[in-house]
Amino acid sequence: MKKIIKWGVIGSGGIAQRRTIPEGIIQAEHAGLVAVYDIHQEVNLAIAAKFGAKAVESIPELLASDIDAVYVASPVNLHLEHVIACAKARKHIFCEKPLGMTVDEAEAMIKYCEHEGVYLGTGLMMRFLAQHQAALKLIQEGKLGKPVYGRAQLSCWYPPIEGAWRQDPAVGGGGSLMDMGSHCIDLLEMFFGPVKSVSCFISNSVHAYPSEDAAIVSLIFQNGALATVDSCFCIPDNSSKNILELYGSNGSILAKGTIGQGTSGEMTAYLENGAGEYDASQVRTDGNGFSVSPEPVNTYMAEIEEFSCAILEKRQPSNNAALGLQSQKVLTACYLSASAGKVIEV
């Protein structure tokens, strides 16, 4: 009989209901949904009925269920409390990013999980997109040459909504930068390595809620590469094409629509075997590019499958807590930069 990890969910509404349960836990080969919890019991009952799970009325009841792992998708200010509760119950935890509100909270989560001998993962699913993995392989093989510059964009239209915790930094930790810019920064670190320093600007360009609705970050990586990230809650969905640009001394990898919740976008690599001598005419053609289009992979399924298999194989998952901690360190530097108006070392 095939071994599976039995999953529970804290925060069954929101992204769990829309994506991670139906596309991730239900579809992953080595995962099965057992129990769900949400503070909104009516919603929770409907989700449980839809996906054939048990609707529980409390977190202690969830943790007493016959489960191996918990997907934590509650508001960010509750991540620390919920992760510690799961760890004490000796359940493995896959926590949505960000990993708590602060670096201290992320470190506390890691400490508790290590003490209880359970795995802690971070929900940064865009790493698993097949085109992103193909681009990473090209970079690792040296096809891009020395990394020079990258750009990652993720924006949407997110008008004021009563009770929306992403619009209140006291609950969500931040706005567009924390929620969407974190994915962009994480992807660029996957491609170029750790960030060394940042310069960040945030604002409320359109919406008047407490969290920022627009952010731009300039990044310097330890290997000398540069990058920018732009993430906004105030640009209409169809007007933001979620661009990814990666440049190196041997060419570029350019994509549109790969950053996001879908399974694929458009990606083209323009790679040269050495750029040659200086050409004063700077002639440019489109004929030397090739499409990067591997078989699409559902990123929510992939992240749950990886974490489930890691538990079964008794190994650290690739989507581990270290990624979440690094993300928190960079984001903390970004917000400090925006506040202080200067470059901040990570």
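State yes or no: is residue 273 modelled with pLDDT of 95 or more and out of contact with any strand residue (DSSP E or B) (no Cβ under 9 Å at 6 or more places or on another chain)?
no
Residue under question is residue 247, and the condition is that it be at pLDDT 95 or above and not polar (S, T, N, Q); does it hold?
Numbers: at pLDDT 95 or above: yes; not polar (S, T, N, Q): yes.
Against the criterion (at pLDDT 95 or above and not polar (S, T, N, Q)), residue 247 qualifies.
With the requirement that a residue be of a type outside the set (Gly, Ala, Ser) and buried (at least 22 other Cβ atoms within 10 Å of the Cβ), what does the stretch 48-81 give you? First the steps, then the outcome.
First, the residues of the stretch 48-81 that are of a type outside the set (Gly, Ala, Ser): 50-51, 54, 56-57, 59-63, 66-68, 70-72, 75-81.
Once the filter is applied, which keeps residues that are of a type outside the set (Gly, Ala, Ser) and buried (at least 22 other Cβ atoms within 10 Å of the Cβ), the stretch 48-81 yields 56, 62, 67, 70, 71, 72, 76, 79.
Residues 151, 127: which one is charged (D, E, K, R), in contact with a Ser or Thr (Cβ under 6 Å, 6 or more places away or on another chain) and more than 24 Å from residue 39 (Cα to Cα)?
After ruling out the rest, the residue left standing is 151.
Of (1) over 22 Å from the mean Cα position of the chain (by Cα); (2) in contact (Cβ under 8 Å) with a residue 24 or more places away in the chain, residue 13 satisfies all except one. Which?
Of everything listed in (1) over 22 Å from the mean Cα position of the chain (by Cα); (2) in contact (Cβ under 8 Å) with a residue 24 or more places away in the chain, residue 13 misses just condition (1).
Tell me whether the stretch 89-99 contains one or more residues that are within 13 Å of residue 327 (Cβ to Cβ), basic (Lys, Arg) and either out of contact with any His (no Cβ under 6 Å at 6 or more places or on another chain) or free of Cβ contacts under 8 Å to residues at least 24 places away in the same chain (or both). I'd like the intermediate steps shown before the answer.
Looking only at the stretch 89-99, we keep the residues that are within 13 Å of residue 327 (Cβ to Cβ), and these are 95-99.
Next, only the ones that are basic (Lys, Arg) stay: 97.
From what's left, either out of contact with any His (no Cβ under 6 Å at 6 or more places or on another chain) or free of Cβ contacts under 8 Å to residues at least 24 places away in the same chain (or both): 97.
Within the stretch 89-99, one or more residues are within 13 Å of residue 327 (Cβ to Cβ), basic (Lys, Arg) and either out of contact with any His (no Cβ under 6 Å at 6 or more places or on another chain) or free of Cβ contacts under 8 Å to residues at least 24 places away in the same chain (or both).
Of all the residues that make up the stretch 168-207, how many are out of contact with any Cys (no Cβ under 9 Å at 6 or more places or on another chain), free of Cβ contacts under 8 Å to residues at least 60 places away in the same chain and surrounded by 16 or more Cβ atoms within 10 Å (Cβ to Cβ)?
The total comes to 7.
Identify, please: which residue in the stretch 102-152 is of a type in the set (Val, Ile, Thr) and surrounded by fewer than 21 Cβ atoms within 10 Å (Cβ to Cβ) and is, among those, farthest from residue 82 (Cα to Cα)?
The selected residue is 148.
Among the numbered criteria (1) touching a helix residue (DSSP H, G or I) at 6+ places or on another chain (Cβ under 9 Å); (2) more than 18 Å from residue 260 (Cβ to Cβ); (3) crowded, with 16+ Cβ neighbours inside 10 Å, which single criterion is violated by residue 220?
Tallying (1) touching a helix residue (DSSP H, G or I) at 6+ places or on another chain (Cβ under 9 Å); (2) more than 18 Å from residue 260 (Cβ to Cβ); (3) crowded, with 16+ Cβ neighbours inside 10 Å, residue 220 fails exactly one: (1).
Give me the pairs: first residue in the stretch 313-327 and crowded, with 21+ Cβ neighbours inside 10 Å, second residue among the acidic types (Asp, Glu), beta-carbon distance under 6 Å, and six or more apart or on different chains, which are they?
What qualifies is 317/306; 319/303; 319/306; 327/186.
Determine, yes or no, whether residue 17 is under 17 Å from residue 261 (Cα atoms) and either among the polar types (S, T, N, Q) or crowded, with 16+ Cβ neighbours inside 10 Å (or both).
yes
Identify all residues within the stretch 57-88 that are touching a residue at least 40 places away in the same chain (Cβ under 8 Å), closer than 23 Å to residue 171 by Cβ and of a type in the set (Val, Ile, Thr); write none if there are none.
Scanning the stretch 57-88 gives 59, 70, 72, 76.
Of a type in the set (A, V, I, L, M, F, W, C), within 22 Å of residue 332 (Cα to Cα) and touching a residue at least 40 places away in the same chain (Cβ under 8 Å) - does that describe any residue in the stretch 125-133?
yes
Is it true that residue 44 is in contact (Cβ under 8 Å) with a residue 24 or more places away in the chain, within 23 Å of residue 112 (Cα to Cα) and out of contact with any His (no Cβ under 6 Å at 6 or more places or on another chain)?
Numbers: in contact (Cβ under 8 Å) with a residue 24 or more places away in the chain: yes; within 23 Å of residue 112 (Cα to Cα): no; out of contact with any His (no Cβ under 6 Å at 6 or more places or on another chain): yes.
No; evaluated as a whole, the condition is false for this residue.
The values are calculated or read from the model by the stated rules, or taken from the named source; none is laboratory data. Keep in mind it's a predicted model, so treat the numbers as computed, not measured. Counting neighbours? That spans all protein chains shown, and the Cβs are built from the backbone with ideal geometry, glycine included.
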